[in-house]
Amino acid sequence: MTDNLPYLTSVKGRPHLHIRDGKKRISTGETSRGKATAVLMKYIAERPGRNEHEATIETVSDLMSVWAAERQEKNEKTWNRKFKYLEKTVNRYAGDVTLQEIDKEWSKDYAYSRRQDGVAGPTIRQELSSLTSAWNIAIGAKLISITMPKLDLPPASEAKDVALTRDQARALIAACEHAHIKLFVRLCLDTAGRPGAILALPWHRVDLELGEVDLRETREERAARGDARIKPAAHVPINEGIVEALTEARKRSVTGNVIEFGGKSIASVRKAFGTAVERAGLGGLDITPHVLRHTAATWMAQADVPLFEIAGRLGHKNTTMVERVYAHHRPSYQSKSKDAVRL
């Protein structure tokens with residue numbers, strides 16, 4: 001429904017957001033996304049040949065159009081890979097529902113119906129959350145005045161607790177057929193950085209003399225690779241072994257990126273990483289590149305590193321997530337309470 005719907009886009013060197021409508025680009029005259037969205041919806045309502053559902057926001061389908069335009073502008077790659085299908089799913093099951101019909105009981109009925117189709121709770125939660133997100137966008141842009149109802153969301157999925165042992169990590173590194181994959185694995189483990197941050201890491205944020213790596217991307221760097229999202233990242237010290245590996249890699253480098261292959265920077269290592277996992281005999285453990293970050297955090301907890309220090313290395317502003325996911329790995333975890341209940 002929204003494949004050809006106009007959407008907001010930013011234009012390099014210009015402060016105002018623009019409307020992209022096919023080959024046409026029209027300035028909204030606004031720098032605020034909320035105000036620009038209002039201009040967009042007015043444009044959609046008034047453009048020649050528009051569909052009736054584009055004129056007003058009365059149904060879930062109308063509301064999801066606003067969400068779709070926002071998501072598409074923020075990150076077109078993620079939109080095509082994930083959110084495009086999420087929007088279509090919500091519209092398929094609830095597109096004709098009016099905003100006045102939506103409440104907590106409706107969300108329970110929606111969840112029940114989707115479960116009958118064999119859909120898992122976390123997926124249903126994502127579908128309903130997208131509706132909540134769309135409602136917030138529309139209210140922020142003053143496109144609707146209906147108060148957003150509180151929905152009953154299924155619980156989120158539990159975090160995976162897959163972490164490599166040191167022997168498994170060594171086996172994985174040894175199984176890497178290419179030097180750039182080996183360096184990628186070692187950097188993920190040493191910095192506890194996100195795989196995406198490691199792949200996007202430029203040499204100018206690596207200080208080999210001080211032994212430091214800055215995984216924090218600038219707004220311009222994120223925009224250049226088409227990702228507007230800010231994810232936790234940190235400026236971290238690194239050990240001598242990885243400094244040595246980076247020094248050697250720097251001598252061979254022909255691009256501005258630390259991780260490169262064939263003279264080009266790369267956006268994904270999933271295939272080569274998966275091959276290394278299989279070669280290391282770890283194929284049955286559901287190991288993805290993100291497991292390396294989880295492994296690093298687990299090792300830190302097992303070494304009784306203070307939780308605030310683990311959080312800092314992961315790029316988090318507080319210890320909430322670290323306490324929930326990693327505290328139980330610490331040797332000191334519940335040691336006092338254990339002794340207190342001894343007979």
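Here are the numbers:
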| item | result |
| --- | --- |
| Helices (runs of 4 or more DSSP H) completely within the range 272-343 that count 2 or more residues being surrounded by 12 or more Cβ atoms within 10 Å (Cβ to Cβ) | 290-302, 307-314, 320-326 |
| Where a residue in the range 128-149 is under 20 Å from residue 89 (Cα atoms) and its partner, wherever it lies, is crowded, with 16+ Cβ neighbours inside 10 Å and of a type in the set (Ser, Thr, Tyr), with Cβ under 6 Å and at least six apart | 128/107 |
| Tally, over the range 141-174, of residues that are surrounded by fewer than 16 Cβ atoms within 10 Å (Cβ to Cβ), among the small types (Gly, Ala, Ser) and under 24 Å from the mean Cα position of the chain (by Cα) | 3 |
| Checklist (1) of a type in the set (A, V, I, L, M); (2) under 22 Å from residue 43 (Cα atoms); (3) in contact with a Lys or Arg (Cβ under 9 Å, 6 or more places away or on another chain) applied to residue 111, failing item | (2) |
| Residue within the range 80-93 that is surrounded by fewer than 20 Cβ atoms within 10 Å (Cβ to Cβ), modelled with pLDDT under 85 and not in a helix (DSSP H, G or I) present | no |
| Answer residue from the range 25-79, given it is in a loop (DSSP other than H, G, I, E, B) and within 29 Å of the chain's Cα centre (by Cα) and is modelled with the highest pLDDT among those | 28 |
| The range 199-223, residues that are touching a Ser or Thr at 6+ places or on another chain (Cβ under 7 Å) and buried (at least 21 other Cβ atoms within 10 Å of the Cβ) | 213, 215 |
| Residue tally, condition at pLDDT 90 or above and in a loop (DSSP other than H, G, I, E, B), over the range 220-261 | 9 |
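The values are calculated or read from the model by the stated rules, or taken from the named source; none is laboratory data. Just so it is clear, the model here is predicted, and its values are computed rather than measured. FYI the Cβ positions are ideal-geometry reconstructions off the backbone, even for glycines, and counts take in every protein chain you see.
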